[in-house]
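The values are calculated or read from the model by the stated rules, or taken from the named source; none is laboratory data. Please read these numbers as outputs of a predicted model, since none were measured by experiment. In this analysis, Cβ positions are derived from the backbone assuming ideal geometry, glycine residues included, and neighbour counts consider all displayed protein chains. Calculation scope for accessible area: heavy atoms of the full protein, side chains included, ligands and nucleic acids excluded. Shrake-Rupley method; radii C 1.70, N 1.55, O 1.52, S 1.80 Å.
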Amino acid sequence: MPSGGVNPQLSAQPAPVTVRVPAKVNLYLGVGELRRDGYHDLTTVFQAVSILDQVTVGPAGRLVVDVTGEGAADVPRGRDNLAARAARLVAKAAGARGGVRLRIDKAIPVAGGMAGGSADAAAALVACAEMWGLDLEPGRLMAMAAQLGSDVPFALQGRTALGRGRGEVLAPVLSRGAYHWVFALDREGLSTGAVYAELDRLRARDAARLPAGADGVLAALRSGDSAALGRALHNDLQPAAVRLRPRLRRVLDAGRELGVLGAVLCGSGPTYAFLTRDAGDATRVAAALAGQGVCRTVRRAHGPVVGARVVT
Ligand code: C5P
């Protein structure tokens, strides 16, 4: 290009990009030893479910984070926002100068154990890479995701996966069929760190029972047997979360009395997941649970669904 000339393609502002990203439920969550880095080793089976956040990125003079929707007031707007950190990582890799505007439309409950913050970070990675036309090797975005947080790689990938390490080391899982869920959202979030610390206290007091292992969940998924999956659902963090938030016991009892296939706490809670027979059964359970006033609100969803994807 002649000196002083302007390449219109380079001077043009990149167009905004929107990405949708799912929440997750842990069908199995086995918590191992406390590690030196303050994290616990996990064995977990993730399923991505159809509660979707939407993240739109666009060019801006500086970093701007707008949040709307479910629990928006509780989402940090500053540089510490995980999606903002994701945008900075991609900007660095792309050599992009200036800022970025992030609009996060939330449906995933904040601090609900469904990895909403991680989902938004995964969405920001995909959206920024697309906006700046960054052609990364497949593993590169996953490495950035793992750097941001334990649940971010799964949000990128979606569907069903076995997670090890802090949850960031993923292996594929064969899963047949669709699963229909009802989620009971609590009035306020729970701190992940506080729930793990409570589990450590409980284990120091009582001899830790050996976790059931993920085999039951993996076999149920392989055969597409939702009744068997309901029986195999397991989360080691459940007793700790219920100790910190005793009213969760009422939520669990209410769901069980409605004849669900199974119930499990989402991650470190406080959201409870109830597995139902089909879409119609989920509607019945959701309506009955909402009528009992044991939780703030309910959501229906199905899984597995794909991870963070550009909306075309
Ligand atoms: O993943 P995140 O940084 O949100 O976790 C918050 C806290 O939860 C950690 O600082 C740690 O205390 C605890 N945690 C853990 N083991 C994990 C994940 C989280 O002990 N695998």
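Restrict the check to the stretch 193-202 and report whether at least one residue is within 16 Å of the ligand (Cβ to nearest atom) and of a type in the set (Phe, Trp, Tyr).
Taking the stretch 193-202 as the starting set, the residues that turn out to be within 16 Å of the ligand (Cβ to nearest atom) are 193-202.
Filter once more, keeping what is of a type in the set (Phe, Trp, Tyr): 196.
Within the stretch 193-202, one or more residues are within 16 Å of the ligand (Cβ to nearest atom) and of a type in the set (Phe, Trp, Tyr).
Is at least one residue of the stretch 204-225 open to solvent by less than 40 Å² (accessible area, probe 1.4 Å), within 14 Å of the ligand (Cβ to nearest atom) and out of contact with any Lys or Arg (no Cβ under 6 Å at 6 or more places or on another chain)?
No, the stretch 204-225 contains no residue that is open to solvent by less than 40 Å² (accessible area, probe 1.4 Å), within 14 Å of the ligand (Cβ to nearest atom) and out of contact with any Lys or Arg (no Cβ under 6 Å at 6 or more places or on another chain).
Quick check on my filter: what residues within the stretch 275-304 are under 20 Å from Gln47 (Cβ atoms), open to solvent by 20 Å² or more (accessible area, probe 1.4 Å) and of a type in the set (A, V, I, L, M)?
Residues satisfying the conditions are Ala279, Val298.
Out of the stretch 22-63, which residues are at pLDDT below 95, of a type in the set (Gly, Ala, Ser) and within 16 Å of the ligand (Cβ to nearest atom)?
Passing the criteria: Gly32, Gly38.
Conditions (1) at pLDDT 95 or above; (2) buried (at least 24 other Cβ atoms within 10 Å of the Cβ); (3) farther than 30 Å from Gln238 by Cβ; (4) touching a Cys at 6+ places or on another chain (Cβ under 6 Å), marked per residue:
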position: Arg97; (1), (2), (3), (4): no, no, yes, no
position: Arg103; (1), (2), (3), (4): yes, no, yes, no
position: Lys106; (1), (2), (3), (4): yes, no, no, no
position: Pro138; (1), (2), (3), (4): no, no, yes, no
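Looking at the stretch 22-43, I want the residues that are under 15 Å from Gly149 (Cβ atoms) and open to solvent by 40 Å² or more (accessible area, probe 1.4 Å) and have a partner that is within 11 Å of the ligand (Cβ to nearest atom) and among the charged types (D, E, K, R) with Cβ atoms under 9 Å, at least 6 apart or on another chain. Which pairs are those?
Sorted first by the residue in the stretch 22-43, then by its partner, the pairs are Asp37/Arg166; Tyr39/Arg166.
Considering only the stretch 237-257, state which residues are touching a helix residue (DSSP H, G or I) at 6+ places or on another chain (Cβ under 7 Å) and either surrounded by 18 or more Cβ atoms within 10 Å (Cβ to Cβ) or touching a residue at least 40 places away in the same chain (Cβ under 8 Å) (or both).
Matches in the stretch 237-257: Leu237, Pro239, Ala240, Ala241, Val242, Arg243, Leu244, Leu248, Ala254, Gly255.
List the number of the failed condition for Val110; all other conditions in (1) in a helix (DSSP H, G or I); (2) open to solvent by 10 Å² or more (accessible area, probe 1.4 Å); (3) within 16 Å of the ligand (Cβ to nearest atom); (4) in contact with a helix residue (DSSP H, G or I) (Cβ under 6 Å, 6 or more places away or on another chain) hold.
Of everything listed in (1) in a helix (DSSP H, G or I); (2) open to solvent by 10 Å² or more (accessible area, probe 1.4 Å); (3) within 16 Å of the ligand (Cβ to nearest atom); (4) in contact with a helix residue (DSSP H, G or I) (Cβ under 6 Å, 6 or more places away or on another chain), Val110 misses just condition (1).
Please list, ordered by first then second residue, the pairs with beta carbon atoms under 8 Å, 6 or more apart or interchain, first in the stretch 268-289 and of a type in the set (Ser, Thr, Tyr), second assigned to a helix (DSSP H, G or I) and open to solvent by 10 Å² or more (accessible area, probe 1.4 Å).
Pairs found: Ser268/Thr192; Ser268/Tyr196; Tyr272/Leu252; Thr276/Arg284.
Can you find even one residue in the stretch 169-191 that is more than 30 Å from Gly255 (Cβ to Cβ), open to solvent by 50 Å² or more (accessible area, probe 1.4 Å), of a type in the set (Val, Ile, Thr) and modelled with pLDDT of 95 or more?
Within the stretch 169-191, one or more residues are more than 30 Å from Gly255 (Cβ to Cβ), open to solvent by 50 Å² or more (accessible area, probe 1.4 Å), of a type in the set (Val, Ile, Thr) and modelled with pLDDT of 95 or more.
What is the number of the single condition among (1) open to solvent by less than 40 Å² (accessible area, probe 1.4 Å); (2) more than 11 Å from the ligand (Cβ to nearest atom); (3) in a strand (DSSP E or B) that Gly163 does not meet?
(2)
Return the total of residues in the stretch 264-298 being assigned to a strand (DSSP E or B) and β-branched (Val, Ile, Thr).
4
Yes or no, residue by residue, for (1) modelled with pLDDT of 95 or more; (2) within 16 Å of the ligand (Cβ to nearest atom):
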| residue | (1), (2) |
| --- | --- |
| Val65 | yes, no |
| Asp74 | no, yes |
| Asp120 | yes, yes |
| Glu130 | yes, no |
| Gln147 | yes, yes |
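Restricting attention to the stretch 55-73, does a residue exist that is surrounded by 16 or more Cβ atoms within 10 Å (Cβ to Cβ) and within 30 Å of Leu174 (Cα to Cα)?
yes
Each row is one residue, and each column tells you yes or no for (1) without any contact (Cβ under 8 Å) to a residue 12 or more places away in the chain; (2) in a helix (DSSP H, G or I); (3) open to solvent by 60 Å² or more (accessible area, probe 1.4 Å); (4) touching a strand residue (DSSP E or B) at 6+ places or on another chain (Cβ under 7 Å).
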site: Lys92; (1), (2), (3), (4): yes, yes, yes, no
site: Ser118; (1), (2), (3), (4): no, yes, no, no
site: Ala121; (1), (2), (3), (4): no, yes, no, no
site: Ser150; (1), (2), (3), (4): no, no, no, no
